[in-house]
Amino acid sequence: MSVLRSRPVLRWLVPATAAVAVIGGGAAIGTFAAEAEPSLPPRTAAQLLVDLQTSRLEGLSGTVVQRADLGLPPLVGLVPGNDLTTLLTGTHTLRVWYSGPERQRVALLDTLGERDIIRNGRDVWTWESRGNTAKHATLGDVRAEKPAPEAAPSLPATPQEAADLALRAIDPSTEVSVGRSATVAGRDAYELVLQPRDKDSLVHQLRIAIDAKQHVPLRFEVLATGSDQPAFEVAFTQVDYRRPDADQFTFNPPPGVTVTEESAERPPAVRPGHSEPTGDPQVRAVGTGWATVLVARLDGAVGGRPAVEKPAGDKPAGTPDVDVSKLLGGLEAVKGDWGSGRLLTSKLFSVLLTDDGRLLAGAVTPERLYQVARG
């Protein structure tokens, strides 16, 4: 069930690249500053779901903080660049503005610079302060477009995006309840709690703090099994529901900026972040609900040796140089009646790369991956 899928105004279109482009780091995971629990009229979980469905968001601006501590093994240095490692650890700050489905802006802030993504009608701009470079694209006719599958999930950039993803998980395998009331970004909020019933899930709870008056998600937390601290959280630290000025969505190129024109067929949209097959015949989903496992065939190196030897010239342009043997060597070697391979584990997900060229992944225990690998 998805109470937000039919309400496009709630799934406000923060550009998809926002969650991928966050570069930087910060303090380790920690819950957002606690405030006194407000006294609110009782509401049931069903009423809170209706609140989300019927919410009308005309405008919004604010500051969002994203924090993650997924308990990943120390693979820094094995993968070129720091995009992946910093996305999954540390603290990231974003400024967001929303003024309807055709005007959005996200500013991604880190210690070394800023990245802005702006949509203003058919114009989409991205700008990076480090190199003072910008890209511009003109969108086509949105009405004539067909939905295109997303190639990969990404971390949610806002509480709304995270809540949309979480609510898609509501089915008989999910227990839905009301948690404690809270104060988030100075706003009184109810808390909706989603808890998997499946013992194979690594997720203990999803907690969504919902503005008591505006019915907009203000904070989203994911707790791993066996922990009372969030492994991932994204929350507003400041929010304003007034419609931002039109000037916020006008891109004024800084002096000396280098602008690259690009093509675009449809507007950036929030990545669903949902682990669903994308139509690739080599990718399939096994199981349902919280115990779902994605299974894919790999053409690259597996188990420390290449499945298919490819000439160096066949590598796509821009592909980073990764020492696969060192990368896989940093993972735990595992074997069983299903075969052998390498295992990556974290607080919220597990990934198994088998020596026969399969990749299995899910928000599940390693034992669940072994069960699927066994067939």
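The values are calculated or read from the model by the stated rules, or taken from the named source; none is laboratory data. Nothing here was measured: the structure is a model prediction, and the numbers come from that model. Positions of Cβ are generated from backbone atoms using ideal geometry, with glycine treated the same way; all protein chains shown enter the neighbour counts. The protein model used for the area step is the full one, side chains on, heavy atoms only, and it has no ligands, DNA or RNA in it. Shrake-Rupley method; radii C 1.70, N 1.55, O 1.52, S 1.80 Å.
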Restricting region 223-263 to residues that are acidic (Asp, Glu) and under 30 Å from residue 68 (Cα atoms), which is modelled with the highest pLDDT? 240
Against the condition in contact (Cβ under 8 Å) with a residue 60 or more places away in the chain and part of a loop (DSSP other than H, G, I, E, B), how does residue 180 come out, does it pass? yes
Among residues belonging to region 31-64 that are in contact with a helix residue (DSSP H, G or I) (Cβ under 9 Å, 6 or more places away or on another chain) and part of a helix (DSSP H, G or I), point out the one that is modelled with the highest pLDDT. 49
When every residue in region 213-227 that is open to solvent by 30 Å² or more (accessible area, probe 1.4 Å) and not hydroxyl-bearing (Ser, Thr, Tyr) is compared, the one nearest to residue 371 (Cα to Cα) is 226
In region 99-130, what count of residues is obtained for those that are hydroxyl-bearing (Ser, Thr, Tyr) and open to solvent by less than 20 Å² (accessible area, probe 1.4 Å)? 1
Sort out which residues of region 75-98 are modelled with pLDDT of 85 or more and either hydrophobic (A, V, I, L, M, F, W, C) or touching a Leu at 6+ places or on another chain (Cβ under 8 Å) (or both), and write them in order of number. 92, 93, 94, 95, 96, 97, 98
Would you call residue 207 surrounded by fewer than 23 Cβ atoms within 10 Å (Cβ to Cβ), over 21 Å from the mean Cα position of the chain (by Cα) and either under 21 Å from residue 289 (Cβ atoms) or not hydroxyl-bearing (Ser, Thr, Tyr) (or both)? no
Given region 329-375, what strands (runs of 3 or more DSSP E) lie entirely inside it while holding 2 or more residues that are out of contact with any Pro (no Cβ under 8 Å at 6 or more places or on another chain) and farther than 17 Å from residue 283 by Cβ? 332-336, 339-345
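Yes/no matrix, rows are residues, columns are (1) in contact (Cβ under 8 Å) with a residue 24 or more places away in the chain; (2) touching a Gly at 6+ places or on another chain (Cβ under 6 Å); (3) over 15 Å from residue 296 (Cα atoms); (4) of a type in the set (A, V, I, L, M, F, W, C):
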position	(1), (2), (3), (4)
344	yes, no, yes, yes
349	yes, no, yes, yes
366	yes, no, yes, no
372	yes, no, no, yes
Those residues of region 352-362 that are open to solvent by less than 20 Å² (accessible area, probe 1.4 Å), out of contact with any Phe, Trp or Tyr (no Cβ under 7 Å at 6 or more places or on another chain) and under 30 Å from residue 195 (Cβ atoms) come to a total of 2
Tell me which residues, restricted to region 340-372, are of a type in the set (D, E, K, R) and either over 25 Å from residue 204 (Cβ atoms) or at pLDDT 95 or above (or both). 342, 355, 356, 358, 367, 368
